[in-house]
1. In whole Hz, what ³J(HN,Hα) sequence does region A:114-119 give by Karplus (6.51, -1.76, 1.60; θ = phi - 60°), x for Gly and Pro?
2. For chain B, set up a GNM with springs between Cα atoms under 10 Å and report which of B:93, B:59, B:260 has the largest fluctuation.
3. Assuming 0.36 nm per residue, please report the length gained on full extension of the stretch residue B:245 to residue B:60 beyond their Cα-Cα distance.
4. If you count only protein heavy atoms and use a 1.4 Å probe, how large is the accessible surface of residue B:120, to the nearest 10 Å²?
5. Given R₀ = 51 Å, what would the calculated FRET efficiency be for residue A:128 paired with residue B:210, taking r from the Cβ atoms and rounding to 0.05?
6. Could you run the Karplus curve 6.51 cos²θ - 1.76 cosθ + 1.60 with θ = phi - 60° over region A:94-106 and give me ³J(HN,Hα) per residue in whole Hz, x for Gly and Pro?
7. Using a simple charge model, +1 on the beta-carbon of Lys and Arg, -1 on the beta-carbon of Asp and Glu, nothing else, what dipole does region B:159-231 show about its Cα centre, in debye to the nearest 20?
8. Nothing charged except the Cβ atoms of Lys and Arg (+1) and of Asp and Glu (-1): what's the magnitude of the dipole of region A:9-107 about its Cα centre? Round to the nearest 20 debye.
Amino acid sequence: MTSIVKISNLDKYFGHLHVLKNISVEIQPREVVCLIGRSGSGKSTLLRCINFLEEPSHGTIEVDGVQVESGGKGKEHRQLIHDVRLKTGMVFQEFNLFPHMSVLENVIEGPVTVKGMEKNKAIALAEENLDSVGLLFKKDEYPNRLSGGQKQRVAIARALTMQPRVMLFDEPTSALDPELIGEVLNVMKKVAKDGMTMLVVTHEMGFAREVADRVLVMSEGEIIEDAKPLELFTNPQDPRTKALIDRYRTGEQ
Amino acid sequence: MNIFANQTPGAPKSQAELLFESHQRKARQFQVNVALSWVTLLAIILFIFSGSHFLGIKTIQLDGNFIRANVGYIAGGIVQTLQISVISITFATILALLAALGRLSTFPPIYALSTFYVSLIRGTPLYLQIFFFFLALPQLGIVPSAFWSGVLPLSLNYGAYMSEIFRAGISSVGKGQREAALALGMTPRQTMQRVVLPQALRFAIPPMGNDFISMTKDSALVSATGFVRELTWRATKVGRATFHNLEALIIAAIFYWIMTILLSFAQSRLEARLSKGDR
């Protein structure tokens, strides 16, 4: 089976700070991969390098056959980044819905403006996705009238309406009140069940255990463990992983 | 707006609702009191200019015949005043937007051009700029009409000041908004047009409205050229001719004031419409 995301020899520096150290990882189609680690371990940066919100300092990103070398310049390079962004949907910690657009306008913005999709077609697609996150009845509201959980579900619908091959989630529940986390995780489970390839940066160990096919553990810019959740949570190989899991356990109690 | 409007009718009112209603009552009462005070102040001013004798006080007598004869002529200046203001604010807005984008540019010459323009224009008086166009440029063989000698400096001047508003508006749009747009696959240009500028504009509309209102009054400076028949020019002309400056300037002042009140009203309506979906 060929992988849908392939990251090879990725390095990222912020100034002198070496935040990603020679990372290579592959993700298979329909796989759900959770990325865990302490804050500052580089997991968000890794995710943001995949769609070039951060330009990697060195290395190659390949998404669904589109290969981008870091450090490229000019029109061709920008076109490749654009192609990668079309193949990836992203969900942010802070939702980042467009406050001047209604829910429906938020969701059709990408297809209409970026893909040039006919408006009626985009609306039909958007309504389908809003329905699947349970928020079709809010389509004419503005984001400021939604709860955090609802905003994030709209953000997921917005990303899905671009019909990406891979979904990237950057701590999608970290900005939410505890009682709103469940509704977002449920939507994410549904997306996973529908066969979407997902890479999820998260602190939700329950979600990782239940939904992920693989869990990657990051520490100081490196992937220190890559295992199935059951193995990882019951028998962590690296002492740092064990410490991390213990910390979450105490946190959960 | 009643934020509890969509609650079940007949349901007992919650504490928050009762608190909200009591706040609203207080706010309404305050507005009524302010309105009454305004009426009182107006009545005092009208009394001062009524020309009557009251409790031994002799108030100011205005020449009714002069007013009746000239009010129409002076009112005619409103057209020019608005013309100057509307044309100038349009140019100023375009200049301000360009200057603001220039200020955010990472290309040194563009950044320099923008800051140079703002510094030069804000560093010199508007009054001088008007004379520069009207009196200095002709020396170089460029002879703008009195009208354009007013409109161009007003545009340049307000453009420089308003560029700060646009810049602040663009900077107020969070990094997350740009990232969300880029992640959707938008080009930097689409990101600017579809996501950043609409939000920046909403931020900029209230101060822009203030600037437009203040411009209708600064347009009076154009009368200094002596050839543009706007409100102030007409008032000083007929006032000086028969030594009725008091009456003439009061008439002009009232027209400016009414225009300002109407424009402020229009501005608050526009703001209310734009605030939909505000964070």
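1. Karplus values, whole Hz, x for Gly and Pro: 8, 8, x, 5, 4, 4.
2. Comparing B:93, B:59, B:260 in the GNM, the peak value goes to B:59.
3. Net length gain for the segment: 65.2 nm.
4. Answer for residue B:120: close to 100 Å² accessible.
5. 0.65
6. Computed from phi, the couplings for region A:94-106 are 9, 6, 6, 5, 7, x, 8, 10, 5, 3, 5, 4, 4 Hz.
7. 280
8. 220
The values are calculated or read from the model by the stated rules, or taken from the named source; none is laboratory data. Note that this is a predicted model, so its numbers are computed, not measured. Please note: Cβ atoms are built from the backbone with ideal geometry, for glycine as well, and neighbour counts cover all protein chains shown. Calculation scope for accessible area: heavy atoms of the full protein, side chains included, ligands and nucleic acids excluded. Shrake-Rupley method; radii C 1.70, N 1.55, O 1.52, S 1.80 Å.
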